[in-house]
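Enquirer: Structure in C-alpha cells, see below.
The values are calculated or read from the model by the stated rules, or taken from the named source; none is laboratory data. The structure presented is a predicted model; accordingly, all values stated were derived computationally and were not measured. For neighbour counting, all protein chains shown are included, and Cβ atoms are generated from backbone atoms with ideal geometry for every residue, glycine included.
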Amino acid sequence: MEQDAREILQTYFGYESFRPNQEVLVNHVLAGRDVLGVMPTGAGKSLIFQVPALMSEGTTIVISPLISLMKDQVDALWQAGVDAAFLNSSLMPDEQAQTVADVSAGRCRLLYVAPERLGDARFLELCQTLPIPLLAVDEAHCVSQWGNDFRPSYRAIAAFIEHLPQRPCVCALTATATGEVRDDVVSALRLRDPVVCVAGFDRANLYLGVLRPEPSRKKATLLRLVREREGRSGIIYCSTRAAVEELHDLLLDEGLSATLYHAGLSDFERKHNQDDFLFDRAQVMVATNAFGMGIDKSNVSFVLHYNMPRDLESYYQEAGRAGRDGSPADCIIIYNKKDVQTVSFFAEKAHEERTEAGMDPGLSDALLARDLERIRKMAAYCKTTDCLRSFILRYFGESDTPYRCEHCSSCGAESETLDVTVEAQKIISCVLRLDQRGRTLGRTMIVDILRGSEAQPLLQAGFDTLSTYGIMREVPKTLIHAVLDALIEAGCLRVAGAKFPVIVCAQAGREFLRRDEPFTLKVAKAKTRAEEVPAGPQGASGAAGKAATTKALARDVDPALFEKLRALRADIAREQGLPAYIVFHDSTLADMCAKHPRSTEEFLEVSGVGQKKAELYAEAFLACLNADGNDQTTSVSAETAGYPFRGKE
C-alpha cells in the first residue's frame with residue numbers, strides 16, 4: 001500500500017517521497033481511520049486526501065470554505081491529470097448540470113463543495129447514489145465556536161455524513177488549532193477514534209518581525225518595507241476598510257503596483273482585484289482579513305500587518321500565506337497600542353451582535369472573554385523582546401521552553417537585560433494592597449497609583465492613602481507597563497474579567513514576594529530613525545533582491561535562466577487563463593535550473609513535475625532550458641492542457 005501511494009505521488013504530483021507527517025496521515029486514511037491533521041500552511045495538507053482519493057473507488061467529497069480555493073485546487077488537479085470538479089454558485093446552470101452528470105457517471109474522483117451545499121436535498125440525493133470512500137474537511141477549525149473563523153454551516157457536516165448509506169472515512173485538516181479547538185473539531189465532526197497528528201507549527205523559512213514606530217511614522221515605515229520588496233508579491237493586512245482604501249491609494253500615489261480587497265466592494269470588484277493579484281498583474285494586495293483563506297499563491301514573499309491582528313491564530317494563518325513553496329519570506333507587524341483598542345471594539349461589537357441574535361448569554365460572555373484574552377496574548381507578542389518564534393510555538397503548545405531562533409526581529413535586535421526586581425515587587429504589592437481593601441483595578445489605574453497621579457477619580461476613591469501610592473513616581477510609565485506585562489506573562493499576575501479586565505495577584509506572585517527572587521526584563525536598545533526599520537532577510541531591492549531569493553530556492557541556480565523560465569511560465573499561464581503558480585511553483589522552476597534536464601525522462605526528475613505536466617510542458621521548458629541564447633516563446637493552449645468545459649471561465 002505504501003509503495004502504491006508513493007507511485008501515485010510521483011506519477012500525478014511529481015514528488016519522490018512524502019513529508020514525514022503526510023505519509024503517516026495518508027497511511028491511516030488508506031487504512032480507513034478518521035484523522036485530524038494540524039499542519040502549517042504550505043505543508044501539503046491537500047495531498048493527504050488527494051492521494052487516497054486516487055487510490056479508492058468512487059468520488060471523494062471535499063468540504064471547502066471558499067469558491068476561489070475550490071477553483072484553484074480543481075485547476076491544479078486537472079493540470080496533474082486528475083478528474084476533479086466543484087459545485088458552487090459561480091457555475092452557470094448548464095455547467096452545474098454537466099458536473100452532476102459527470103459525477104453520476106463516475107467521471108469525477110474528487111468533488112469540491114461548500115458546507116452550505118450539504119443542506120441541499122438534491123445534493124444529498126446525489127451523494128446517496130455514489131460510492132464515497134472519503135470525506136475531507138478542509139479548514140476544519142471553522143467547525144469550532146472556539147476557533148478563529150467559525151462558520152455555522154460547518155456544523156451540518158456531521159449530520160450530512162450520518163445520512164449517507166455508508167459512512168466514509170473522514171479526514172479533517174487545518175493549519176492552526178489550539179488543543180481546545182482540536183477537541184471541539186473531533187466532537188463537532190463526530191470523528192470516530194481519530195488519529196490526531198499535530199505536525200509542528202514552525203515555518204523555518206518565515207522571518208518574523210514586529211516594528212513599533214511612532215504613530216506619525218507608521219505610513220513611512222510601511223512604504224519603506226514595500227519599496228525594499230518592490231517587484232515581489234505581497235499582502236498588506238489592515239483592520240478596517242478605511243485603512244485598506246487609504247493605504248491602497250498611498251501605494252498607487254507612490255507608483256507601486258497594488259490592488260485592494262474588502263467586504264465593502266462588489267462581488268465583481270473583489271473577483272477582479274483578486275485575479276489581478278493571483279495572476280501577478282498587481283504585485284501587492286491591500287486587504288482586510290476577508291481576503292486570503294484558501295489562497296494558494298505560492299510566490300507571496302511578504303505579509304505585512306499594518307494593524308495588530310485580533311489573535312495569534314489569525315495572525316499565523318495570515319502570515320503563513322507567505323513562502324508557501326518553502327522560499328524565504330517576511331512576516332512583519334507594524335504595531336501601535338491603539339490597535340488593541342480597535343480589535344477590542346470589534347470583539348465587543350461581535351458580542352453584542354451574538355446577544356441580539358439570541359445566543360445564550362453565558363456562551364456569548366464566554367466567547368467574549370476568550371476573544372479578549374486572545375487579544376491580550378496578541379498584544380503581548382507585539383510587545384515582547386523575547387524570541388517571536390518561541391512565543392508562537394509555546395502559545396500553540398508545541399514547546400514549553402523559551403529559546404532563541406535567531407531568525408526574528410527580537411533575536412536580531414540589540415537588547416539589554418534590566419534588573420527590575422524592586423519594580424516588580426512594588427507592582428505586586430500595590431495589587432495586594434488593593435485586594436486588602438476589596439478592590440480590583442485595571443492596569444492604567446494601577447500605574448497611575450504607583451506614579452502618584454492626582455486625577456480626581458483616583459483621589460476621590462481614596463487611593464492616595466495606599467502605602468504604594470507614588471512609590472514609582474520617578475519610573476517611566478512605559479517601563480511600569482513593560483514590567484506589569486512581564487509579571488502577567490510569568491504568571492505572577494493575571495487578568496480577570498472580560499469587558500472590564502482587572503489585574504489580580506496569582507499565587508505565584510505572592511510566592512515571588514516571599515522568596516525575594518530576582519526579576520529581569522529584556523528591553524530593546526533605543527534605535528535612531530535610520531535604524532528603525534530593519535531590512536530583514538529580504539531587505540534587498542530590485543534585481544539584487546530577486547537574485548537573493550533565487551539563490552535561496554536552490555543551489556546552482558542561474559538568476560537569468562530562472563527569470564527566463566518565469567517568463568515562459570507567465571506566457572503559458574496567460575494563454576490558459578491560470579495563475580502562474582498552478583502551472584509550476586517557483587521552487588519547481590528553481591529545481592529545473594539546478595538539474596537542467598535535457599530530455600523528457602530527466603524533466604520528470606524535477607520536483608513537482610508529474611506525468612501529465614511532463615506531457616503538457618516538457619517540450620516548451622526543455623527548449624527554454626537548452627536554448628543557445630535564443631529567446632523562444634512556446635505557448636500551451638487551454639485545449640492542449642486538457643481542460644474540461646466544467647468550471648472554466
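Enquirer: From the list ARG122, ARG109, which residue is more than 25 Å from VAL185 (Cβ to Cβ), buried (at least 16 other Cβ atoms within 10 Å of the Cβ) and more than 23 Å from the chain's Cα centre (by Cα)?
Expert: ARG109
Enquirer: I need a count of the residues in segment 150-168 that are free of Cβ contacts under 8 Å to residues at least 40 places away in the same chain and of a type in the set (Val, Ile, Thr).
Expert: 1
Enquirer: Taking the condition of being farther than 26 Å from LEU9 by Cβ and in contact with a helix residue (DSSP H, G or I) (Cβ under 7 Å, 6 or more places away or on another chain), how many residues in segment 64-88 meet it?
Expert: 2
Enquirer: Just checking, how many residues over segment 571-625 are in contact with a His (Cβ under 8 Å, 6 or more places away or on another chain) and either farther than 20 Å from PHE18 by Cα or in the same structural domain as GLN79 (by TED's automatic domain parsing) (or both)?
Expert: 1
Enquirer: Scanning segment 23-38 for residues that are within 17 Å of LEU189 (Cβ to Cβ) and not in a strand (DSSP E or B), which turns out nearest to the chain's Cα centre (by Cα)?
Expert: Per the criteria, the residue is LEU25.
Enquirer: State the number of residues belonging to segment 376-422 that are assigned to a helix (DSSP H, G or I) and hydrophobic (A, V, I, L, M, F, W, C).
Expert: 10
Enquirer: Consider GLU474 against the criteria (1) modelled with pLDDT of 90 or more; (2) surrounded by 15 or more Cβ atoms within 10 Å (Cβ to Cβ); (3) not aliphatic (A, V, I, L, M): it satisfies all of them except one. Which criterion is unmet?
Expert: (2)
Enquirer: Quick one: is THR60 polar (S, T, N, Q), at pLDDT below 95 and not assigned by TED's automatic domain parsing to the domain that holds ARG569?
Expert: Judged against the criteria, THR60 is not a match.
Enquirer: Next question, about the same structure. In segment 347-376, which residues are more than 17 Å from GLY497 (Cβ to Cβ) and β-branched (Val, Ile, Thr)?
Expert: Matches in segment 347-376: THR355 only.
Enquirer: Moving to a separate point now. Would you mention how many residues in segment 16-26 are surrounded by fewer than 19 Cβ atoms within 10 Å (Cβ to Cβ) and either of a type in the set (A, V, I, L, M) or touching a Lys or Arg at 6+ places or on another chain (Cβ under 9 Å) (or both)?
Expert: Of the residues in segment 16-26, 4 are surrounded by fewer than 19 Cβ atoms within 10 Å (Cβ to Cβ) and either of a type in the set (A, V, I, L, M) or touching a Lys or Arg at 6+ places or on another chain (Cβ under 9 Å) (or both).
Enquirer: Out of (1) in contact (Cβ under 8 Å) with a residue 24 or more places away in the chain; (2) surrounded by 19 or more Cβ atoms within 10 Å (Cβ to Cβ); (3) of a type in the set (A, V, I, L, M, F, W, C), what's the single condition that is false for ILE449?
Expert: (1)
Enquirer: Of all residues being assigned to a helix (DSSP H, G or I) and among the hydroxyl-bearing types (Ser, Thr, Tyr) in segment 89-142, which is nearest to TYR12 (Cα to Cα)? Just the residue, please.
Expert: Within segment 89-142, the match that is nearest to TYR12 (Cα to Cα) is THR99.
Enquirer: Then there is this: Show the residue pairs meeting these rules: Cβ distance below 6 Å; 6+ apart or different chains; first residue within segment 555-571 and over 10 Å from CYS593 (Cβ atoms); second residue at pLDDT 90 or above and in a helix (DSSP H, G or I).
Expert: Pairs found: LEU568/CYS624; ARG569/VAL583.
Enquirer: Can you say whether ILE488 is surrounded by 15 or more Cβ atoms within 10 Å (Cβ to Cβ), in a helix (DSSP H, G or I) and either in the same structural domain as VAL210 (by TED's automatic domain parsing) or not charged (D, E, K, R) (or both), as far as the supplied structure shows?
Expert: It is true that ILE488 is surrounded by 15 or more Cβ atoms within 10 Å (Cβ to Cβ), in a helix (DSSP H, G or I) and either in the same structural domain as VAL210 (by TED's automatic domain parsing) or not charged (D, E, K, R) (or both).
Enquirer: Moving on to the next point. Only one residue in GLU474, GLU398 is more than 26 Å from the chain's Cα centre (by Cα) and farther than 23 Å from GLY509 by Cβ. Which one?
Expert: GLU474
Enquirer: Being in the same structural domain as PRO518 (by TED's automatic domain parsing), under 36 Å from the mean Cα position of the chain (by Cα) and assigned to a loop (DSSP other than H, G, I, E, B), is that true of even one residue in segment 435-451?
Expert: Checked against the condition, which is being in the same structural domain as PRO518 (by TED's automatic domain parsing), under 36 Å from the mean Cα position of the chain (by Cα) and assigned to a loop (DSSP other than H, G, I, E, B), segment 435-451 yields at least one hit.
Enquirer: Condition test on LYS522, is it part of a loop (DSSP other than H, G, I, E, B), under 39 Å from the mean Cα position of the chain (by Cα) and either over 14 Å from GLN425 (Cα atoms) or modelled with pLDDT under 90 (or both)?
Expert: Answer is no for this residue.
Enquirer: Of (1) within 27 Å of CYS382 (Cα to Cα); (2) surrounded by 21 or more Cβ atoms within 10 Å (Cβ to Cβ); (3) touching a residue at least 40 places away in the same chain (Cβ under 8 Å), LEU278 satisfies all except one. Which?
Expert: Among (1) within 27 Å of CYS382 (Cα to Cα); (2) surrounded by 21 or more Cβ atoms within 10 Å (Cβ to Cβ); (3) touching a residue at least 40 places away in the same chain (Cβ under 8 Å), the lone unmet condition for LEU278 is (1).
Enquirer: In addition: Which of the numbered conditions does ARG443 fail, given that it passes all the others? Conditions: (1) over 14 Å from ILE488 (Cα atoms); (2) surrounded by fewer than 21 Cβ atoms within 10 Å (Cβ to Cβ); (3) not β-branched (Val, Ile, Thr).
Expert: The number of the failed condition is (1).
Enquirer: For the condition charged (D, E, K, R), in a helix (DSSP H, G or I) and free of Cβ contacts under 8 Å to residues at least 24 places away in the same chain, what is the one hit in GLU373, GLU318, GLU313, GLU353?
Expert: After applying the criteria, what remains is GLU353.
Enquirer: Name every residue in segment 405-414 that is out of contact with any Gly (no Cβ under 8 Å at 6 or more places or on another chain) and surrounded by 13 or more Cβ atoms within 10 Å (Cβ to Cβ), in order of residue number.
Expert: Residues satisfying the conditions are CYS405, HIS407, SER410, CYS411, GLY412, ALA413.
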